[in-house]
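Below you'll find the structure, written out as structure tokens, and then a few comments.
Nothing in this text is a laboratory measurement; each read-out follows from the coordinates by a stated rule. The structure presented is a predicted model; accordingly, all values stated were derived computationally and were not measured. In this analysis, Cβ positions are derived from the backbone assuming ideal geometry, glycine residues included, and neighbour counts consider all displayed protein chains.
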């Protein structure tokens, strides 16, 4: 039988405690090496390709101004960013579901201006029953520049010869359809003839004023 002095027993106890502590530390380090770390989260991109567009919001909204939004954002979402439409706003002629494009101006009119807008008829009747021709729309000034048909807003496209607000909006809607189907807009200016109502004659008037 072995006999240890008091000092030897204390030293032995300390040695055993040190061995246990070392073993515990090695086990902890081993478990950290094999346990997967916390996952690293990042915000999802705003659009699949990260593209952003700049939109000018004006008129009857709480916070008019320029807004940079992800491509594919809808008009109603842009209006929300601008603080929403005011109580005086008239949204009846705005396609809230349409996607915005770079350089587009979204102008929200007031109910008062809509009520006082001229009636779009060819003629009005006098009390005697005779028809009085309405004043024709003032001719547009000659357009000498070039517009990028993949970026121009409807208001800008309206400046082209022979293109009024209705055709300008059709061009924007057809461009949005191309982006949805192919991932890009116009690839040839001749594709403008695929827009309803724009045939070879109207295309001939605008082909020198458009580009990609």
Put one equal scatterer on each alpha carbon of segment 52-116, apply the Debye formula with no solvent term, and list log10 I(q)/I(0) at q = 0.14, 0.15, 0.24, 0.30 1/Å to two decimals. -0.35, -0.40, -0.97, -1.38
Volume per residue of the C-alpha convex hull in segment 162-212, rounded to whole Å³: 68
Could you sort 185-198, 149-162 so that the peptide with the highest average Cβ count within 10 Å comes first and the rest follow in order? 149-162, 185-198
